[in-house]
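First comes the structure, then the notes that go with it.
The values are calculated or read from the model by the stated rules, or taken from the named source; none is laboratory data. Not measured: the values here are computed from a predicted model. Glycine gets a Cβ as well: all are built from the backbone with ideal geometry, and neighbour counts include every protein chain shown.
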2 protein chains.
Amino acid sequence: MIKIAIDAMGGDNAPEKIVQGAIDSLALRENIHIVLVGKEDAVNAELSKYQYDRSRVSVVNATEVIETGEPPVAAIREKKDSSLVVAQKLVRDGEADAFISSGSTGAILVGGQLIVGRIKGIRRTPLAPLIPTTKGASLLIDCGANVDARPEDLVQFARMGSIYMERVCKVKKPRVGIVNIGAEEEKGNALVKETFPLLKACEDINFIGNVESRDIPYGAADVIVTEAFVGNVILKLYEGVGSALISEIKKGMLSNLKGKLGALMVKKNLKGVVKKFDASEYGGAPMLGLKALVVKTHGSATEKEIKNAIMQCVDFVEAKTIDKINAIVS
Amino acid sequence: MIKIAIDAMGGDNAPEKIVQGAIDSLALRENIHIVLVGKEDAVNAELSKYQYDRSRVSVVNATEVIETGEPPVAAIREKKDSSLVVAQKLVRDGEADAFISSGSTGAILVGGQLIVGRIKGIRRTPLAPLIPTTKGASLLIDCGANVDARPEDLVQFARMGSIYMERVCKVKKPRVGIVNIGAEEEKGNALVKETFPLLKACEDINFIGNVESRDIPYGAADVIVTEAFVGNVILKLYEGVGSALISEIKKGMLSNLKGKLGALMVKKNLKGVVKKFDASEYGGAPMLGLKALVVKTHGSATEKEIKNAIMQCVDFVEAKTIDKINAIVS
């Protein structure tokens, strides 16, 4: 049995959609056991809506909730009985194999480091969301909160990201690229220039060189290595440009009668396009380099994203991904 | 008369579209004089296609052309008779008030510094394209080639960008923001953290604080200040996500008969949306902090972008923008 601890109280749609996603996942694999952590009464009220195998779902009570706006370090230290802290302790103590939350990104990252714990030898623990491209998805590593990384950090990101894409996403020999402002080897800022030769020398990754941000949406690399400040800018701009453009297109189409009729006719086709660019299809963002997998889903995650995140954890555990990451620092 | 020197040989559509754009601009204002710099025969051949006031257009011969792939510094030093170098020298010598090129960005930037020359006291000369938003356009400063800027550089970018938006784009009290990975004042990398209080203390700009990249497409600020590596990533990702999404939408709509019919009906409306997000509507990217205005248009610039870039130069000169920039360092 693969045991997955889920923060039932995190995110905009908790506990309703979180519980629904957990129940939905049970049908997909026989070897999943879900541990829902949160306010017992609220979680049980949601569970009572469903018929499911009770031996595969347990509830662990936690009386507190960490809100999105709270300073992460203080929240983790002070709210010892929060769903996030209690669930991460289950992972630390070996009572669960992985952890999923739609709650505060900062608290998840801090808790990951302080409670779940870093693998010895791993310098930083990057947050690595999958971003949709015209070819599928790429892993953007790092989009976390620790900015101003060093070259050796980026090398570890590249190696962990490559393992993740190979093991969990089943991409053979993942193409690893580093974000730069030109295709030529001599371009870039000090960090990229120092990192480039180190990546080139890595024998365990398929390094393809510089990736310009213009080519990211076209799937220029499977693993896109960058420092967290730039990664954050990329991730959020990706979402921003996409949503602004789609909302303008909708508005534009619906601005007159002819357009409205046309819009009805293309609606189904456009839904397919939007689905292709929907990040929630890929579950949540893994936080790598910890002793167990921690997954951060969107704050707005619905049952589908939670279900996909659970499958992501199962794939991660089944592929013995942690052993492989351990091997790069041993 | 405002004299504008144009590199007639730079870019994918030179000299044909460059000359056409120059001729088109003459009808818009009476006080423009265009100096076309390039291979005399080729330029004259293009000019012979039009009827125009010959007293307002002159041709200066230059026998060489700097290609896009050439290392910029070597190209500027060695190709003394290139259209780019000859035209920039006209600006340096006061024989033209501004310079426009669709050629190599690197060579334009290097030439700007070495030939046109930096204003005394200006530390760096940023490239600041206007990027389209749902509300109009924002100035993204810096997208140039000089990465790893210091806080004092960013402060000058903010002040010059604010002057540009106010004088040339007629935005009253332009809102100046700094690119960051969170809205809170304490967030960011070392550079942003050091720059934030300096910007806050500037009395001559309307500083509105941090801007997250997600909000850039929605017009979160009129002047978006960032270091050139991040600026480059933003600019190119902006273009990449937009073009990838639009091509997927087209493909999606045309994938079956019903969609094709619908596409015909929404075509006109969608053109309006695409036009709104078309950067060439705003002319080219100004390079600021030089003794005169240097404008870099897209390599693929057509007559419309050239015409708009000429109007941009006229507005810049008429608003005495250089005097205003001079004032911040005197």
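For this structure, a couple of remarks:
- Filter result for residue B:55 (surrounded by fewer than 16 Cβ atoms within 10 Å (Cβ to Cβ), in contact with a strand residue (DSSP E or B) (Cβ under 9 Å, 6 or more places away or on another chain) and in a helix (DSSP H, G or I)): yes
- Residue in the stretch B:36-50 that is touching a Pro at 6+ places or on another chain (Cβ under 6 Å) and hydrophobic (A, V, I, L, M, F, W, C) present: yes
- When the stretch A:1-39 is filtered for residues that are farther than 24 Å from residue A:75 by Cα and of a type in the set (S, T, N, Q), the ones remaining, listed by number, are A:20, A:25, A:31.
- Qualifying residue in the stretch A:190-201 (condition: more than 20 Å from the chain's Cα centre (by Cα), assigned to a helix (DSSP H, G or I), at pLDDT 95 or above and at the interface with chain B (Cβ under 9 Å from one of its Cβ atoms)): yes
- Verdict on residue B:183 being facing chain A (nearest Cβ under 10 Å), more than 19 Å from residue B:326 (Cα to Cα), among the small types (Gly, Ala, Ser) and not in a strand (DSSP E or B): no
- Any chance residue B:164 is within 14 Å of chain A (Cβ to nearest Cβ), within 25 Å of the chain's Cα centre (by Cα) and of a type in the set (Phe, Trp, Tyr): no
- Residues of the stretch A:278-301 that are within 15 Å of the chain's Cα centre (by Cα) and either among the charged types (D, E, K, R) or at pLDDT below 95 (or both): A:278, A:279, A:280, A:281, A:282, A:283, A:284, A:296, A:298, A:299, A:300, A:301.
- Selection count where residues are closer than 19 Å to residue B:218 by Cα and either more than 20 Å from the chain's Cα centre (by Cα) or surrounded by fewer than 14 Cβ atoms within 10 Å (Cβ to Cβ) (or both), scope the stretch B:245-277: 6
- The stretch A:144-153, residues that are at pLDDT 95 or above and either in contact with a strand residue (DSSP E or B) (Cβ under 7 Å, 6 or more places away or on another chain) or surrounded by fewer than 20 Cβ atoms within 10 Å (Cβ to Cβ) (or both): A:150, A:151, A:152
- The set of residues in the stretch B:117-130 that are buried (at least 23 other Cβ atoms within 10 Å of the Cβ) and farther than 23 Å from residue B:227 by Cβ is empty.
- Of all the numbered requirements in (1) hydrophobic (A, V, I, L, M, F, W, C); (2) without any contact (Cβ under 8 Å) to a residue 40 or more places away in the chain; (3) under 23 Å from residue A:277 (Cβ atoms), residue A:225 misses one, and that requirement is (2).
- Within the stretch A:202-224, the set of residues being of a type in the set (Gly, Ala, Ser) and either part of a strand (DSSP E or B) or surrounded by 19 or more Cβ atoms within 10 Å (Cβ to Cβ) (or both) comprises A:209, A:213, A:220, A:221.
- Filtering the stretch A:37-52 to residues that are part of a strand (DSSP E or B) and out of contact with any strand residue (DSSP E or B) (no Cβ under 6 Å at 6 or more places or on another chain) leaves only A:38.
- Within the stretch B:225-239, considering residues that are within 12 Å of residue B:179 (Cα to Cα) and more than 7 Å from every other protein chain (Cβ to nearest Cβ), the one surrounded by the fewest Cβ atoms within 10 Å (Cβ to Cβ): B:228
- For the criterion of being among the hydroxyl-bearing types (Ser, Thr, Tyr), within 28 Å of residue B:316 (Cβ to Cβ) and more than 7 Å from chain A (Cβ to nearest Cβ), residue B:282 passes.
- Number of positions in the stretch A:65-101 that are farther than 21 Å from residue A:127 by Cα and either modelled with pLDDT under 95 or in a loop (DSSP other than H, G, I, E, B) (or both): 7
- Among the residues making up the stretch A:165-199, those that are more than 24 Å from residue B:145 (Cα to Cα) and surrounded by fewer than 21 Cβ atoms within 10 Å (Cβ to Cβ) are A:166, A:167, A:169, A:170, A:171, A:172, A:173, A:175.
- Of all residues in the stretch B:225-264 being among the polar types (S, T, N, Q) and assigned to a helix (DSSP H, G or I), the one that is farthest from residue B:205 (Cα to Cα): B:247
- Residue A:34 vs. criteria within 30 Å of residue B:183 (Cβ to Cβ), in a strand (DSSP E or B) and not acidic (Asp, Glu): no
- Residue in the stretch A:120-135 that is assigned to a helix (DSSP H, G or I) and touching a residue at least 40 places away in the same chain (Cβ under 8 Å) present: no
- Residue check for residue B:248: of a type in the set (D, E, K, R) and touching a residue at least 60 places away in the same chain (Cβ under 8 Å): no
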